[in-house]
Amino acid sequence: MTDQSLWAAVDAHLTDALLPADPVLDAALRRSHDAGLPAIAVSPPQGRMLNLIARIRGARRILEIGTLGGYSTIWLGRALPHDGRLTTLEFDPAHAEVARANIADAGLADRVEVRVGAALDTLPTLPADEPFDLVFIDADKNNNPHYFTWALKLTRPGSVIVVDNVVRAGKIADPADDSPFVVGIRAMHELIKAEPRVEATAVQTVGEKGYDGFTLILVTG
Ligand SMILES: C[S@@+](CC[C@H](N)C(=O)[O-])C[C@H]1O[C@@H](n2cnc3c(N)ncnc32)[C@H](O)[C@@H]1O
């Protein structure tokens, strides 16, 4: 058994052991696949983790950068109270169309808005006086330093920021790797370390999506 197939088998086991059957999320993945979207959504256990973080935080306003077919959006949207709001930013109109259909089928259209465009263009259109309780950053990693800076601007003390895919199969620690995504993640971590208004950690993960990790940030000031 390869490492990857073992990680995928354990993910399947944990999903069966801990997560209820979820026809809505299964259908969302099927529609995304049928529409030709890449299979790069978070895994079910990761989606559940995002949902739990949002509920532990008591999030009423959530921002997501990088929607794809709305899989993580549905996990996060389900954590909201009825009057909660989630705004998710997506560059590709075809991805946004699939996401809107999946979000509607999940019964979340009343509290989730998909905004289409490059996130660096749509972020400045968000109201600065309605801070988000949780921000999930999962788009083009080269822009992560900008997304972190925006997330800080659009949150308040007590808010949580989660950034996905920050390990990239270990490339993050390879000094010879200067690919734009890796450089973007390193630069974001430098900004975080120098920023007195946050405390953060990063955790390596393995699973059906391979070897990666996430950064967890608490806004403290
Ligand atoms: C990893 S996928 C998001 C997966 C999704 N969060 C999930 O787990 O279901 C990244 C998404 O970010 C979008 N994206 C890439 N560059 C972007 C940009 N500059 N602004 C907004 N979205 C962008 C891509 O089109 C893609 O749909």
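Of all residues in the range 29-64, which are among the small types (Gly, Ala, Ser), within 16 Å of the chain's Cα centre (by Cα) and in a helix (DSSP H, G or I)?
Passing the criteria: Gly47, Ala54.
Considering only the range 77-92, how many residues are under 15 Å from Ala139 (Cβ atoms) and either part of a strand (DSSP E or B) or more than 9 Å from the ligand (Cβ to nearest atom) (or both)?
Residues that pass the stated criteria total 4.
Looking for whichever is more than 30 Å from Asp129 (Cβ to Cβ), surrounded by 14 or more Cβ atoms within 10 Å (Cβ to Cβ) and of a type in the set (D, E, K, R) here; the options are Asp34, Asp22. Which one fits?
Checking each option against the conditions leaves just Asp22.
Determine whether the range 5-16 contains at least one residue that is within 12 Å of the ligand (Cβ to nearest atom), within 28 Å of Ala169 (Cα to Cα) and either among the small types (Gly, Ala, Ser) or buried (at least 18 other Cβ atoms within 10 Å of the Cβ) (or both).
no
Exactly one of these conditions fails for Ile185: (1) surrounded by 12 or more Cβ atoms within 10 Å (Cβ to Cβ); (2) hydrophobic (A, V, I, L, M, F, W, C); (3) in a loop (DSSP other than H, G, I, E, B). Give me its number.
(3)
Give the range 138-169 a look and list any residue that's assigned to a loop (DSSP other than H, G, I, E, B) and within 12 Å of the chain's Cα centre (by Cα), or say none.
Asp138, Ala139, Asp140, Asn165, Val166
What's the number of the only condition in (1) small (Gly, Ala, Ser); (2) more than 10 Å from the ligand (Cβ to nearest atom); (3) touching a Ser or Thr at 6+ places or on another chain (Cβ under 6 Å) that Gly107 fails to meet?
It is condition (3) that Gly107 fails.
Might you check whether a residue that is under 16 Å from the mean Cα position of the chain (by Cα), exposed (fewer than 14 other Cβ atoms within 10 Å of the Cβ) and polar (S, T, N, Q) occurs anywhere in the range 202-213?
Looking through the range 202-213, at least one residue is under 16 Å from the mean Cα position of the chain (by Cα), exposed (fewer than 14 other Cβ atoms within 10 Å of the Cβ) and polar (S, T, N, Q).
Do you know which residues across the range 123-144 are within 15 Å of the ligand (Cβ to nearest atom) and either of a type in the set (A, V, I, L, M, F, W, C) or surrounded by 18 or more Cβ atoms within 10 Å (Cβ to Cβ) (or both)?
Leu123, Leu126, Leu134, Val135, Phe136, Ile137, Asp138, Ala139, Lys141, Asn143, Asn144
No value in this document is a laboratory result; all are computed from the given coordinates. Since we're looking at a predicted model, the values are computed, not measured. Counting neighbours? That spans all protein chains shown, and the Cβs are built from the backbone with ideal geometry, glycine included.
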